[in-house]
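What follows is one structure encoded as structure tokens, with my remarks underneath.
The values are calculated or read from the model by the stated rules, or taken from the named source; none is laboratory data. Because the structure is predicted, anything quoted here is derived from the model rather than measured. All Cβ positions, even for glycine, are placed from backbone atoms using ideal geometry, and neighbour counts span all protein chains on display. In case anyone asks, the SASA skips ligands and DNA or RNA and just uses the protein heavy atoms, side chains included. Shrake-Rupley method; radii C 1.70, N 1.55, O 1.52, S 1.80 Å.
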Amino acid sequence: MGQGLLQIGLTLCIVIAITPVLGRYIARVFLGERTILDRVMNPIERSVYVISGVRPKDEMTGWQYIRAILYTNLFMGILVYSLIYFQRLLPWNPNGLGVPSWDIVLHTVISFVTNTDQQHYAGETTLSYFSQVAALGFLMFTSAATGLAVGIAFIRGLTGRKLGNFYVDLTRGITRILLPISVIGAIALVLLGVPQTIGETLTITTLEGGTQYIARGPVASFEMIKMLGENGGGFFAANSAHPFENPNGLTNLIETIAMIAIPAAMIYTYGVFAKNIKQAWLLFWMVFIVFVILVWVAAGGELQGNPLVNGTLGIEQPNLEGKEVRFGWAETALWAVMTTATMCGAVNGMHDSLMPQGLFATLFNLFLQIIWGGQGTGTAYLFIYLILTVFLTGLMVGRTPEIFGRKIEKREIVLASLILLIHPIVVLIPSAIALAYPFSLSGISNPSFHGISQVVYEYASASANNGSGLEGLTDNSLWWNLSTSLSILTGRYVPIIAMLLLADSMSRKQTVPQTPGTLKTDSLIFTTVTAGIVLILGVLTFFPVLALGPIAEGFKLASGS
Amino acid sequence: MSFIREILRAIRITLIFWLVTAIIYPLAILVVGQGLFPIQANGSIMENIEGTPIGSTLISQVFTSEKYFHSRPSAVRYSQGRKAKPTGISGGSNLAPSNPALLERIIEEANQLRDENVQPIADLIYSSGSGLDPHISVQAARQQLERVARARGVQPDEILLAINKFTDGRFLGIFGEPGVNVLRLNYALDLQDINRQQN
């Protein structure tokens, strides 16, 4: 047990150590200051701007920024849809895979364009290497960079700057952050055993004379951006539990750090933009504390093990169902909580077989969306809660609410409420419909309370753009492909549009001078109140579902039936 | 007019980044990987003395014979047999802890292990996440030691040495869990047998 907690603790120490370094770097990149990659990247970026006809000095308004996102995302979707649709005619298809059905291709494209990477297919049996790398791998970069750009534009608006230029932000996100780290990381992963080959599935005769099919492919390049960009869509069906995606303790550490590095650093990046590092750390610790509690809950459940199994066999063993020996209960629990917290969605153990405590922690993350939160967008969600807290506390003391010296008015509150309401709407309503037809629609594979969790988890993961799942669910059906596509699209673009409009209107406001009566948002007490409001809002909306799913399952297991 | 210009800009930037991230980046990693680390880049394939591939050091196999250490239970039969054909498969059982089917399966496995005089250790009763787990825990290997030694007619001490040799430790002694690589261990024992017969 001590060894497991030591691993978790040290991993988190590394996260804390790199947060200010990476956060400052991201801020410098997007503030246009000098960075170490200038000499290589400046000429490359200049040619990108020239070829694409982007004038980097042009500032965009909120709607221009939104349109640029929607047009690029739409075109990327069309491009990738055709690449997968014609995979039979395209190169790098050594296993000769044909065309998947239209609804699974549509769901896959929507899911990867939006950084969700929910998968209703098995990678090794469905997609050619070209489809994996040149279609989905491409979206892993652009969707992550899009999220990053939105986060940065939001921070700019909030701190009174102009929103910037989407194409410049997209370009710099890829050339300065995602691509360089991915290149280094991918080479390290190959060295540590992750394959990078275009050779076909290897058929071998085992020691006992059986025939084994060893699926391979260009995994390393895919794996690194999958983790770094909070994408999470696995090359293989088993995702990062597959020994070819994640062969040992060191690759697991690299992938864990890659997964959380940018979402954690973005909070610090905000501090640099706002010239208020103190507030950044306060928010960082607020998120960190909730995160550690959730890890504690999940890890405790796995370590204790399954009371039914332990009771029947008379043993005291951790729950290793769906887990790999090389990771054990500790690394799997940490990963499970982190992957749902950061909206990555990769798994190194099967979430369907997690104990109810682990399911509680993962669902909790998917509901709140701010315990780190998605690439870029998570930080924006955090500030939406901050704005709401300012508004509520302002109401309590009867003063016009203001944040960063700008008044919060009706428009801002309407947009903030919209952002926070969309999520429960597109999670709970389709869940209710699916649960109303348990046999024809839901595809539940595990009986009783766990079945409810399976359905709700799928929609929560879709709307939060996470992508992990309780994979026992029979989700490759017309209903699941189309209904989750809708949740994914709404859960991604409506909040992004509202966030950018909100940032736009904040950036246009006159600043009001600080007085002794101004509510300070960088104090411990304000941060504590924010945490309280986050938890109350989240719990009020989603507690009934948590009670019906993991909490009920937990009690059932504890009672030994 | 400006609408068309915006669309064209979106299309051009998409194509540029498609070229960079979808073609150049994976190809560069492919060239570096195949050039510098060809063994890992091709899937850490293990060959026998004749040079025929017998598996991957990162993926275990189904073992049922007494003379081999047995792998963990797998929901995909270690990507062997008809279901895995032709591309290979992976994945876990996805059984919930509260699912009666899980308990049934585990009781059956535990009974079988007890018949073989092996304690039901967690990694031997629970199936792995990938269905391909290359490892069993050190404890699970020790439990099977006696059976393997008997079937091969060698001293347990000799096999214990092999177990230690093929135990992959934690990274820096901290991260991950130690595990015994089943395929490498079993193949090494086969090689020892061949050497012994030749002497």
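Arrange the residues A:L435, A:L557 by how much accessible surface each exposes, largest first, with a 1.4 angstrom probe. List each step's numbers first, then the result.
Working: A:L435 55, A:L557 5 Å².
Most to least solvent-accessible, the answer reads A:L435, A:L557.
Fully extended, how many nm does the chain gain between B:L191 and B:R82 (0.36 nm per residue separation, minus their Cα-Cα distance)? Don't jump to the answer; show the numbers that get you there.
Numbers: separation 109, 0.36 × 109 = 39.24 nm, distance 2.93 nm.
Fully extending the segment from B:L191 to B:R82 adds 36.3 nm.
Roughly what angle does helix B:2-17 make with the longest principal axis of chain B, taking Cα atoms, 0 to 90 degrees, to the nearest 10?
That helix lies at roughly 40 degrees to the long axis.
If the chain between A:A188 and A:N276 were fully stretched, how many nm would it gain, using 0.36 nm times the residue separation less the Cα-Cα distance? Present the calculation step by step, with values, prior to reporting the outcome.
Numbers: separation 88, 0.36 × 88 = 31.68 nm, distance 3.57 nm.
Between A:A188 and A:N276, full extension yields an extra 28.1 nm.
Compute the distribution of all C-alpha to C-alpha distances in region A:71-213, in bins of 5 Å from 0, and list the percent of pairs in each, rounded to whole numbers.
2, 9, 14, 16, 17, 15, 11, 7, 4, 2, 1, 1, 0, 0
Just the projected area, averaged over all directions, of the convex hull on the alpha carbon atoms of the protein assembly as shown: how many nm²?
Values: hull surface 129.6 nm².
If you wrap the Cα atoms of the protein assembly as shown in a convex hull and average its projections, you get 32.4 nm².
How high is the relative contact order of region A:350-403, in percent, counting Cα pairs under 8 Å that sit 6 or more residues apart?
Details: 23 pairs, mean separation 9.1, N = 54.
After rounding, I find 17 percent.
Relative contact order for chain A: what is it in percent, counting Cα pairs under 8 Å that are at least 6 residues apart?
On the way: 953 pairs, mean separation 104.8, N = 561.
The value is 19 percent.
Between region A:223-254 and region A:80-151, what is the C-alpha centre distance in whole Å?
Going from one Cα centre to the other spans 17 Å.
How crowded by other chains is B:174-184, given as the mean number of beta carbons from other chains within 10 Å of each beta carbon? Display every interim value, and only then the final one.
Details: counts 7, 16, 14, 14, 4, 7, 1, 1, 1, 2, 0.
Averaged over the peptide's residues, the number is 6.
Under the rule of at least 5 residues apart or a separate chain, name every residue whose amide H is placed under 5 Å from the amide H of A:T211.
Those lying under 5 Å, H to H, from A:T211 are A:T206, B:G81.
Hand me the trypsin sites (Lys or Arg not before Pro) from region A:37-104 located in a DSSP loop with no more than 14 other Cβ atoms within 10 Å, in residue order please.
Details: sites: A:R39, A:R46, A:K57, A:R67, A:R88; in loops: A:K57, A:R88.
Hits after loop and neighbour filter: A:K57, A:R88.
Note every residue of region A:147-196 with a reduction of at least 50 square angstrom in accessible area, all protein chains present versus the isolated chain, computed with a 1.4 Å probe, or write none.
Those are A:Y167, A:I187, A:V190, A:L191, A:Q196, which lose 50 Å² or more relative to the chain on its own.
Provide a list, ordered by number, of residues in region A:113-129 showing at least 20 Å² less accessible area with every protein chain present than when their chain is taken on its own, using a 1.4 Å probe.
Hits at the 20 Å² cut-off: A:E124, A:T125.
Taking Cα atoms, how many degrees apart are the long axis of helix B:100-115 and the longest axis of chain B, rounded to 10 and kept between 0 and 90?
40 degrees
Could you tell me the calculated FRET efficiency between A:T205 and B:Q198, based on Cβ-Cβ distance and R0 = 22 angstrom, to the nearest 0.05?
Values: r = 23 Å, r/R0 = 1.04.
According to the calculation, E is roughly 0.45.
Rounding to the nearest 10 and keeping the result within 0 to 90°, find how far the Cα-based axis of helix B:182-198 lies from the longest principal axis of chain B.
50 degrees
Hey, any idea what Rg/Rh is for region A:199-257, computing Rh the Kirkwood way over Cα pairs? Could you put the intermediate results ahead of the total?
Details: Rg = 13.4 Å, Rh = 12.6 Å.
In region A:199-257, Rg relative to Rh is 1.06.
Using only alpha carbon pairs under 8 Å that are at least six residues apart, calculate the relative contact order of chain B and give it in whole percent.
Working: 221 pairs, mean separation 38.7, N = 199.
For chain B, the relative contact order is 19 percent.
How big is D for region B:43-196, in µm² s⁻¹ as a whole number, if Stokes-Einstein is applied with the Kirkwood radius of its Cα pairs at 10 °C and 1.306 mPa s? Can you show the working numbers first?
Numbers: Rh = 16.5 Å.
Approximately 96 µm²/s, per Stokes-Einstein.
Just flag the chymotrypsin sites (Phe, Trp or Tyr not before Pro) in region A:433-500 sitting in loop per DSSP whose Cβ has no more than 13 other Cβ atoms within 10 Å.
On the way: sites: A:F439, A:F449, A:Y457, A:Y459, A:W479, A:W480, A:Y493; in loops: none.
Counting only loop positions with at most 13 other Cβ atoms within 10 Å, none of the chymotrypsin sites (Phe, Trp or Tyr not before Pro) in region A:433-500 qualifies.
Let me cross-check B:L145: its accessible surface, 1.4 Å probe, with only protein heavy atoms counted, in Å² to the nearest 10?
The value for B:L145 is about 20 Å².
Accessible area, 1.4 Å probe, largest first: how do A:C13, A:C344 sort?
Values: A:C13 75, A:C344 0 Å².
Correct descending sequence by accessible area is A:C13, A:C344.
Can you compute the FRET efficiency between B:E47 and B:L27 using 1/(1 + (r/R0)^6), with r the Cβ-Cβ distance and R0 = 25 Å? Round to the nearest 0.05.
Details: r = 27 Å, r/R0 = 1.10.
Efficiency, from the Cβ-Cβ distance: 0.35.
Provide the FRET efficiency to the nearest 0.05 for the B:T64-A:W92 pair, computing r from the beta carbons and using R0 = 30 Å. Write out the running numbers ahead of the final one.
Values: r = 37 Å, r/R0 = 1.23.
With R0 = 30 Å, the Cβ-Cβ based efficiency is 0.25.
Can you compute the charge dipole magnitude of the protein assembly as shown about its Cα centre, using +1 on each Lys and Arg Cβ and -1 on each Asp and Glu Cβ, nothing else charged? Give it in debye, rounded to the nearest 20. Mind dumping the intermediate values first?
Numbers: 49 positive and 48 negative charges, 573 e Å.
Computed about the Cα centre, the dipole is about 2760 debye.
From the Cα gyration tensor of region A:475-522, with a ≥ b ≥ c the square roots of its eigenvalues, which class applies: rounded if a/c is under 1.5, or else prolate if a/b is larger than b/c, or else oblate? Could you put the intermediate results ahead of the total?
Details: a/c = 8.99, a/b = 3.28, b/c = 2.74.
Here region A:475-522 falls in the prolate category.
Computed from the mean reciprocal separation of all distinct C-alpha pairs, what Kirkwood hydrodynamic radius does region A:486-558 have, in Å? Provide the component values of the computation, followed by the final result.
Numbers: mean 1/r = 0.0603 Å⁻¹.
Computed over region A:486-558, the radius equals 16.6 Å.
What is the interface area between chains B and A, defined as buried accessible area summed over both chains with a 1.4 Å probe, reported in Å² to the nearest 100? Write out the running numbers ahead of the final one.
Details: alone 13540 and 22130 Å², together 27150 Å².
Using a 1.4 Å probe, the pair buries roughly 8500 Å².
May I ask for log10 I(q)/I(0) of region B:1-41 at q = 0.19 Å⁻¹, from a Debye sum over the Cα atoms as equal point scatterers with solvent left out?
Rounded to two decimals, the profile gives -0.61.
Considering only protein heavy atoms, what is the solvent-accessible area of A:E409 at a probe of 1.4 Å, reported in Å² to the nearest 10?
100 Å²
With label points built 7 Å along Cα→Cβ from the Cα atoms of A:K57 and A:R28, find their separation and express it in nm.
So the two model labels end up 2.5 nm from each other.
Give me the extension gain from A:S417 to A:K162: residue separation times 0.36 nm, minus the current Cα-Cα distance, reported in nm with one decimal. Write down the numbers at each step before the final one.
Values: separation 255, 0.36 × 255 = 91.80 nm, distance 2.34 nm.
Answer, rounded to one decimal: 89.5 nm.
What does the average come to when, for each residue of peptide B:52-61, you count the partner chain Cβ atoms lying within 10 Å of its Cβ?
6
Restricting attention to region A:306-405, which trypsin sites (Lys or Arg not before Pro) occupy a DSSP loop and are surrounded by at most 11 other Cβ atoms within 10 Å?
Here no loop site has a sparse enough neighbourhood.
Heavy atoms only, probe 1.4 Å: what % of the accessible area of the protein assembly as shown goes to carbon and sulfur, would you let me know?
Values: 17470 of 27150 Å².
Here carbon and sulfur together make up 64 percent of the probe-accessible area.
Per residue, how much accessible area does the protein assembly as shown show when a 1.4 Å probe rolls over the protein heavy atoms, in square angstrom? Working shown, then result.
On the way: 27150 Å² over 760 residues.
Result: 36 Å² of accessible area for each residue.
Is region B:40-82 rounded, prolate or oblate when judged by the Cα gyration tensor, a ≥ b ≥ c being the square roots of its eigenvalues, rounded requiring a/c under 1.5 and prolate requiring a/b larger than b/c?
oblate
Need the per-residue list for region A:408-449: every residue with at least 30 Å² less accessible surface in the complex of protein chains than in the chain by itself, probe 1.4 Å, sorted by number.
For region A:408-449, once contacts with the other chains are taken into account, A:N446, A:P447 lose 30 Å² or more.
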